[in-house]
Structure formats: structure tokens, C-alpha cells
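Below is one structure, written out as C-alpha cells; comments come after it.
The values are calculated or read from the model by the stated rules, or taken from the named source; none is laboratory data. Keep in mind the model is a prediction, meaning the values are calculated, not measured. Neighbour counts run over all protein chains shown; Cβ positions are idealised from the backbone, glycine included. Just so you know, the surface numbers come from the protein's heavy atoms only, side chains and all, with ligands and any DNA or RNA stripped out. Shrake-Rupley method; radii C 1.70, N 1.55, O 1.52, S 1.80 Å.
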Amino acid sequence: MDNPSGRRGHFAPPRLSLRFAAVWRRNFLVWKKLALPSVVGNLADPVIYMLGLGYGLGMLVPQVEGVSYIAFLAGGTLCYSTMNAATFEALYSGFSRMHVQKTWEAIMNAPIALDDIVAAELVWAASKATLAGTAILAVIAAFGFTASPLALAAIPVIFLTGLCFAALGLIMTALAPSYDFFMYYFTLFITPMTLMSGVFFPQSQLPDIVRSVADILPLSHAVSLARPLLLGQTPHNIALHAGVLAAVTVAAFWLALTLTRRRLLK
């Protein structure tokens with residue numbers, strides 16, 4: 001299989017072209033056939049969590065950090081749902097296209113490099129996560145949990161969060177021998193991170209040593225950006241939080257691409 005990426009070495013920097021857009025479009029056209037159940041599925045779980053916990057625990061916890069618990073929970077739920085949407089797409093759907101259906105190998109018979117295919121998977125997973133996150137944002141606004149125009153600024157945060165977790169998910173996709181492998185990723189990384197990143201309760205409640213770990217997690221930075229925006233406030237340290245998410249995206253994508261080259265370009 002003649003591919004420029006293979007000749008340049010597995011660890012070479014990504015070399016991308018606009019041809020990735022054709023692969024992105026292919027994924028979009030396939031998804032469009034099942035768009036409605038996909039959107040409803042992405043909405044149901046976080047909305048149930050937000051309303052169930054928000055109104056249930058909210059009766060016991062009148063205010064958190066000066067706002068109602070459900071308003072506090074809304075920002076965390078937005079980031080949590082975005083992370084989940086990007087992760088599931090990069091893992092399960094991406095693995096299906098790469099390993100089970102051999103779609104990636106078929107596409108490489110056209111004049112499209114593996115770098116562009118992996119980049120298309122990254123952007124597609126982030127795009128799908130952005131759609132899911134924006135739908136959650138609309139639900140949050142419809143219920144009156146945010147009324148500030150600043151909430152619209154959360155949409156770029158949603159996209160950046162989607163890119164970050166899609167890139168991390170693609171690393172697992174490149175390593176996975178089967179679907180069962182992904183349970184380790186959720187159990188050992190996604191679930192603990194969700195509990196430590198201020199989604200359901202303030203990080204100030206964590207022990208100092210746990211909080212020091214939580215402060216470097218990408219979901220913590222996403223929540224630190226999104227929650228103030230939904231509350232009509234300007235986030236602190238915007239450049240720091242956005243920079244961490246961007247840095248994780250770049251590093252994780254490069255590693256995912258390296259591992260994918262080793263797997264497919266033999």
C-alpha cells in the first residue's frame with residue numbers, strides 16, 4: 001500500500017490536507033440516515049441526570065457556590081455530555097470503521113493519506129459532540145437555567161472539548177484489540193475524571209492531594225470555562241484553560257496517529 005505517511009515514519013509530524021473534508025463528509029452522510037435517534041440518544045442521558053440530580057439533590061442542597069444546585073450542575077452536565085459524545089464516536093464508531101468494517105483501508109485505496117483519515121475522524125467526532133452539546137445547551141436555556149448571552153460563547157468551548165476527548169479516544173481506538181478493551185478506558189479514566197472534575201460537586205470539596213490531580217485533568221478545564229459562561233460570568237484564566245485543552249488535543253492526536261500508523265501501515 002503506497003502511502004506517504006508510511007514512508008515518512010510512524011513518529012513523523014502529521015501532514016494534513018483538505019482531503020480530510022471528503023472523509024468527514026462521508027461520515028456525516030452515513031450518520032444523517034440515523035440523525036434523529038442519534039441526537040435523542042445523546043440528549044436523553046445527560047438531561048435525565050441533570051433534572052434528576054438537579055431537582056432531587058437540589059432540594060437537599062439549596063445553593064452551591066452562590067447559585068442553585070441545578071444551575072451549578074448545568075455547566076458540568078454540558079461538558080460531561082460533550083465528552084461522552086466525542087468519546088463514544090471516537091471509540092466505538094471509529095473502531096468499527098478502522099478494524100471491523102475496514103473502511104479506513106478501503107479509503108486509502110483512493111489518493112487520501114492515513115493522516116487525513118484520522119484527522120477526519122477527530123473533526124467528525126468533535127462535530128458530533130458539538131451538535132450534542134449545543135442541543136444540551138438549548139435544553140438548559142429552555143428550562144431557564146441560563147439566560148445570559150454569554151452562554152453562546154460556550155459553543156466554541158464545546159467544540160474544543162470535543163476535539164480534546166476525540167483525540168484521547170483515538171489513542172484507545174488505535175490500541176484496542178476489541179470493543180471490550182474500551183471498558184478499561186471508561187472505568188480507569190473517564191469515570192474517575194468525571195467525579196474529580198467538578199461536574200457534580202465543587203472541586204473544593206476534594207482532599208488537597210486529589211484536587212492537585214484534578215486540576216490537570218482536561219475535563220476540569222472544560223468545566224472551568226463552560227460553567228461561568230452559563231452563569232453569565234467571564235471565566236478566569238481563559239487562555240490557560242483553552243491552552244491546556246488545545247495542547248492535549250495536539251499531543252493526543254499526534255500519539256493516536258503514530259499508533260494508527262504502526263497498526264495499519266505495515
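Carbon-plus-sulfur fraction of the accessible area of the chain, 1.4 Å probe, in percent?
Roughly 69 percent, rounded to a whole number.
Quick one: angle between helix 35-56 and the longest Cα principal axis of the chain, in degrees between 0 and 90, rounded to 10, please.
Relative to the chain, helix 35-56 is tipped by roughly 30 degrees.
Restricting the calculation to Cα positions, tell me the Rg (one decimal) and the Dmax (whole number) of the stretch 19-148 in Å.
18.2, 60
Roughly speaking, what is the stretch gain from residue 29 to residue 178, that is 0.36 nm per residue apart minus the C-alpha to C-alpha distance, in nm to one decimal?
51.1 nm
May I ask you to derive the relative contact order of the chain, considering only C-alpha pairs under 8 Å and at least 6 residues apart, and to give it as an integer percent?
That works out to 27 percent.
Mind pulling the angle between the C-alpha long axis of helix 154-175 and the longest principal axis of the chain? Nearest 10 degrees, somewhere in 0 to 90.
Relative to the chain, helix 154-175 is tipped by roughly 50 degrees.
Please state the relative contact order of the stretch 1-112 as a whole percent: Cα pairs under 8 Å, 6+ residues apart?
For the stretch 1-112, the relative contact order is 23 percent.
In a Debye calculation with equal point scatterers on the alpha-carbon sites of the chain and no solvent, what is log10 I(q)/I(0) at q = 0.08, 0.09 Å⁻¹?
For the requested q values the scattering log ratios are -0.33, -0.42.
Report the relative contact order of the stretch 75-160, percent, no decimals, based on alpha-carbon pairs under 8 angstrom and at least 6 residues apart.
This gives 41 percent for the stretch 75-160.
Excluding residue 34 itself, what net charge comes from residues whose Cβ is under 14 Å from its Cβ, given Lys and Arg +1 and Asp and Glu -1?
Result for the neighbourhood of residue 34: +2.
Can you tell me the length gained on complete extension of the stretch residue 92 to residue 152, counting 0.36 nm per residue apart and subtracting the Cα distance?
Net length gain for the segment: 18.6 nm.
In nm, to one decimal, how far is the modelled label at residue 18 from the one at residue 63, with both set 7 Å along Cα→Cβ?
Each label point is offset 7 Å from its Cα along the Cβ direction, giving 5.4 nm.
Which residue, 59, 83, 196, tops the fluctuation ranking in a GNM of the chain built on C-alpha contacts under 10 Å?
Most flexible of the set in this elastic network: 59.
Please state the equivalent ellipsoid semi-axes for the stretch 65-122: what are the square roots of 5 times the Cα gyration tensor eigenvalues, largest first, in whole Å?
38, 11, 5
Which residues does the label zone of residue 110 cover in the stretch 11-55, counting backbone N under 20 Å from a point 7 Å along Cα→Cβ?
15-34
Taking 7 Å along the Cα-to-C-beta vector as the label spot, tell me the residue 10-residue 138 distance in nanometres, rounded to one decimal.
Placing both labels 7 Å beyond Cα along the Cβ direction yields 4.4 nm.
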